[in-house]
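Report on the structure given below.
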Amino acid sequence: GAVVSQHPSRVICKSGTSVKIECRSLDFQATTMFWYRQFPKQSLMLMATSNEGSKATYEQGVEKDKFLINHASLTLSTLTVTSAHPEDSSFYICSALDRSPYNEQFFGPGTRLTVL
Amino acid sequence: AQKVTQAQTEISVVEKEDVTLDCVYETRDTTYYLFWYKQPPSGELVFLIRRNSFDEQNEISGRYSWNFQKSTSSFNFTITASQVVDSAVYFCALSEKRANAGKSTFGDGTTLTVKP
């Protein structure tokens, strides 16, 4: 099956710094990628839909200035957590939608962010 | 609006027991996809199955089987002869099928513990 990678897999940063997480579709082009957030022992919550070449669409309650999304190419979307605070500590998972008729969604392995 | 309900928060069984994880969904779409994912402690989502709304045929894959009942909006997952390695959080998810859609709504997950 298709592969989606995320980098880094884990990151620890100090409060106030910005962190960039990359999501790459390795063997297919993805015009649409999604970013999810998962708090400990909770479900995945969709944060935003990232469309190549256009602005991301954010879900209600997600601060777009806090979570900057850039989908600059058909294989790469980035999520930047700006001025991170401890409450931003979470597991961030991206997924990429293939262009087949099934619109299959392939998930990345996730990035665990810890803000001290 | 879509909704996925996994009523069982935690289930604990002894190895070799059969266990069924329940999933009930709500959607106004006539075309949709249902998924089950396994999330081991490492955090990476492991895809188990996808079923589209037009295919009500039950499926068996080794010790895993799925029962899709459109009439009751349920998509239950059974593990036969459970093993310790089956211990994980299992998520049921629903994905709408429209152009450039595919974003998923996840249930809250069921934590399965299989004891030796």
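Observations on the model:
- Test: residue in the stretch B:59-66 that is under 16 Å from B:Leu112 (Cβ atoms), touching a Ser or Thr at 6+ places or on another chain (Cβ under 7 Å) and of a type outside the set (Phe, Trp, Tyr): yes
- Strands (runs of 3 or more DSSP E) wholly inside the stretch B:1-95 containing at least 3 residues that are over 12 Å from the mean Cα position of the chain (by Cα): B:10-14, B:59-61
- Looking across the stretch A:16-35, the residues that are at pLDDT below 95 and not hydrophobic (A, V, I, L, M, F, W, C) come down to A:Ser25, A:Asp27, A:Gln29, A:Thr31, A:Thr32.
- Filter result (within 11 Å of chain A (Cβ to nearest Cβ), surrounded by 16 or more Cβ atoms within 10 Å (Cβ to Cβ) and in contact (Cβ under 8 Å) with a residue 24 or more places away in the chain) within the stretch B:34-57: B:Phe35, B:Tyr37, B:Gln39, B:Leu45
- Residue that is surrounded by the fewest Cβ atoms within 10 Å (Cβ to Cβ), among those in the stretch B:94-110 that are more than 8 Å from chain A (Cβ to nearest Cβ) and modelled with pLDDT of 80 or more: B:Thr110
- Residue within the stretch A:54-69 that is at the interface with chain B (Cβ under 10 Å from one of its Cβ atoms), out of contact with any Asp or Glu (no Cβ under 7 Å at 6 or more places or on another chain), surrounded by fewer than 16 Cβ atoms within 10 Å (Cβ to Cβ) and of a type in the set (Lys, Arg) present: no
- Note on the stretch A:74-97: residues that are buried (at least 21 other Cβ atoms within 10 Å of the Cβ) and not hydroxyl-bearing (Ser, Thr, Tyr) amount to 7.
- Answer residue from the stretch A:29-46, given it is in contact (Cβ under 8 Å) with a residue 40 or more places away in the chain and aliphatic (A, V, I, L, M) and is farthest from A:Ser5 (Cα to Cα) among those: A:Leu44
Here is a yes/no grid of residues against (1) in a loop (DSSP other than H, G, I, E, B); (2) within 14 Å of the chain's Cα centre (by Cα):
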position: A:Gln6; (1), (2): no, yes
position: A:Ile12; (1), (2): no, no
position: A:Ile21; (1), (2): no, yes
position: A:Trp35; (1), (2): no, yes
position: A:Val62; (1), (2): yes, yes
position: A:Tyr92; (1), (2): no, yes
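The values are calculated or read from the model by the stated rules, or taken from the named source; none is laboratory data. The structure presented is a predicted model; accordingly, all values stated were derived computationally and were not measured. Virtual Cβ from ideal backbone geometry, glycine too; neighbours counted across all protein chains shown.
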